[in-house]
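First the structure, in the form of structure tokens, and then the observations on it.
The values are calculated or read from the model by the stated rules, or taken from the named source; none is laboratory data. Since we're looking at a predicted model, the values are computed, not measured. Heads up, the Cβs are rebuilt from the backbone with ideal geometry, glycines too, and the neighbour counts pull from every protein chain shown. With ligands, DNA and RNA removed, areas are computed over all heavy atoms of the protein, side chains included. Shrake-Rupley method; radii C 1.70, N 1.55, O 1.52, S 1.80 Å.
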Amino acid sequence: MIIVTRMDATIAMIDRIREHVEACGVRTYAVDQGHPGRVVIGCLGQSDGLCASAVRDLPGVEHLTEWRTPYRLASRAMARNGGCTVVRIGDGERAAAGGPELLVIAGPCAVEGRQMLRETAHAVRRAGAGALRGGAFKPRTSPYAFRGLEREALLLLAECRRDTGLPVVTEVLDPRQVEAVAEHADVLQVGARNMQNYPLLCEVGRVRRPVLLKRGMAATLTELLLAAEYVMTSGNPDVILCERGIRTFETDTRNTLDVAAIPVLRRETHLPVIVDPSHAAGRADLVTPLACAAVAAGADGFIVEVHPRPEAAWSDGEQSLSPHQFAELMTVVAPFAAAAGRRLSGSPDGAVREGQAA
Ligand code: PEP
Ligand code: MN
């Protein structure tokens, strides 16, 4: 059940409505819908025991509606100020998902060592990336493949953040790693293979770090939003959704980028949506066109794999861009950003790169 309050409802009336509902064992979540100032109270959990007519008669209540979707906190009905949620990243003012600037995250699939990470971090920063990615704990299909430098990689990522000012994004695979990863990373990535790992979703929901939640390779958008709901209902409202390609019958690409997911999610949720063209394509030559398509379709940003020597990468080299190719991508994507009414973030020197072709 959703309770919509009257415009003139006072804070005391809203508190009273929430107390009434919570006394029936139902959690409430209130959002201010902003202009012109209505408050919407979402009732989470089984509201069967709630007597609708008793709620309707409370002072300050305008009307009640039923949830239209199985996800609740993630649904558009719970949008603050009726708009889109902006998820801020790191301590600086620079990086955010869902604001006027696109969030561009770039870096290697996996952290392979200090030198390659530094080289990549400086290069992507110069090209205008707003955050650095790099896997420390890698989910690999084969147990014999390189599975990450683990704690050493976390320390290297933190070192690169100090050097470049770029906030860092890294994957967490296991609920037991969440605390250690959150200590060093600015954003916790939950990968496609873990989108429905419910203990992990609950654990990342308990920390104060934004979560980059990737769509499972065979997950519907409703399932993705219900996974986001796990994080949010555990206490963390800062979820960034990521479309990273789904499995289809096509074999020329690693996955199929579901471009339609972007406008569908835009309609269904207030959470920001970014795209991973690297894992969608599986091929470096397709990364730039897919990033352009994502931005044109209204994505809030993209996450791209960049490696100083893609041919020598320990993982995902075929889909990794060289630093030079990444800089080119940023130039090619700029007019698409402008057409979508978005800006590309600039260098930390303060020079904001307008989403306009030079
Ligand atoms: C990754 O980002 O390196 C990764 C493993 O992504 P995904 O979970 O989308 O496969
Ligand atoms: Mn990868």
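How big is the dipole moment of segment 151-226 about its Cα centre under a simple scheme where the beta carbon of each Lys and Arg is +1, that of each Asp and Glu is -1, and everything else is neutral? Debye, nearest 20, please.
Using Cβ point charges on Lys, Arg, Asp and Glu, segment 151-226 gives about 180 debye.
Using DSSP to define loop residues, name the GluC sites (Glu not before Pro) in segment 190-275 whose beta-carbon has at most 11 other beta-carbon atoms within 10 Å.
Within segment 190-275, the qualifying GluC sites (Glu not before Pro) (loop, at most 11 other Cβ atoms within 10 Å) are Glu250.
Within segment 178-210, list the trypsin sites (Lys or Arg not before Pro) lying in a DSSP loop whose Cβ has at most 16 other Cβ atoms in a 10 Å radius.
Passing both the DSSP loop test and the Cβ count: Arg206, Arg208.
Using heavy-atom solvent-accessible surface (probe 1.4 Å) with all chains present, what is the largest-first order of Met78, Met217?
Met217, Met78
Order Glu328, Glu112, most accessible first, counting only protein heavy atoms with a 1.4 angstrom probe.
Glu328, Glu112
Of the accessible area of the chain, with the probe set at 1.4 angstrom, what percent is carbon plus sulfur?
Result for the chain: 51 percent of the exposed heavy-atom area is carbon or sulfur.
With Cβ to Cβ distances under 14 Å as the rule, what net charge do the other residues near Pro70 carry (K, R +1; D, E -1)?
-1
Suppose the chain between Arg118 and Arg247 were pulled fully straight at 0.36 nm per residue; how much longer would it get relative to their current alpha carbon spacing?
Gain on stretching Arg118 to Arg247: 43.1 nm.
How large is the Kirkwood hydrodynamic radius of the chain, in angstrom, based on all distinct alpha carbon pairs?
About 21.0 Å, per the Kirkwood formula over Cα pairs.
Helix 221-233: angle to the longest alpha-carbon principal axis of the chain, degrees 0 to 90, nearest 10?
With both axes taken from Cα atoms, the answer is about 70 degrees.
With runs of 4+ DSSP H residues as the only contributors, calculate the mean residue ellipticity of the chain at 222 nm using -39,500 (n - 2.57) per run, divided by the residue total and rounded to the nearest 500.
-9500 deg cm²/dmol
Can you give me the angle between helix 11-23 and the longest principal axis of the chain, using Cα atoms only, in degrees from 0 to 90, rounded to the nearest 10?
Tilt relative to the chain: about 90 degrees.
At what distance in angstrom do the alpha carbon centres of segment 63-97 and segment 197-222 lie from each other?
16
What FRET efficiency do you get for Glu22 and Ala338 if R0 is 41 Å and r is their Cβ-Cβ distance, rounded to the nearest 0.05?
0.30
Give me D for segment 2-66 in µm² s⁻¹, whole number, from Stokes-Einstein with Rh from the Kirkwood sum over alpha-carbon pairs, 20 °C and 1.002 mPa s.
Reported coefficient: 185 µm²/s.
What residue among Cys51, Cys242, Cys109 shows peak mean-square fluctuation when the chain is described by a Gaussian network model with Cα springs under 10 Å?
Cys51
Among Arg283, Arg56, Arg88, determine the one that fluctuates most according to a GNM of the chain built with springs between C-alpha atoms less than 10 Å apart.
Of Arg283, Arg56, Arg88, the most mobile in the Gaussian network model is Arg56.
Can you work out the accessible area per residue across segment 87-344, with the rest of the protein chains kept in place, probe 1.4 Å, in square angstrom?
Solvent-accessible surface per residue comes out at 38 Å².
Under the rule that an exposed site lies in a DSSP loop and has at most 11 other Cβ atoms within 10 Å, name the longest stretch of the chain with no chymotrypsin sites (Phe, Trp or Tyr not before Pro) of that kind, not counting the sites themselves.
Result for the longest clean stretch: 1-143.
State the Cα centre-to-centre distance between segment 112-157 and segment 290-332 in whole Å.
14
Before anything else, pin down the relative contact order of the chain: Cα pairs under 8 Å, at least 6 apart, normalised by residue count, whole percent.
16
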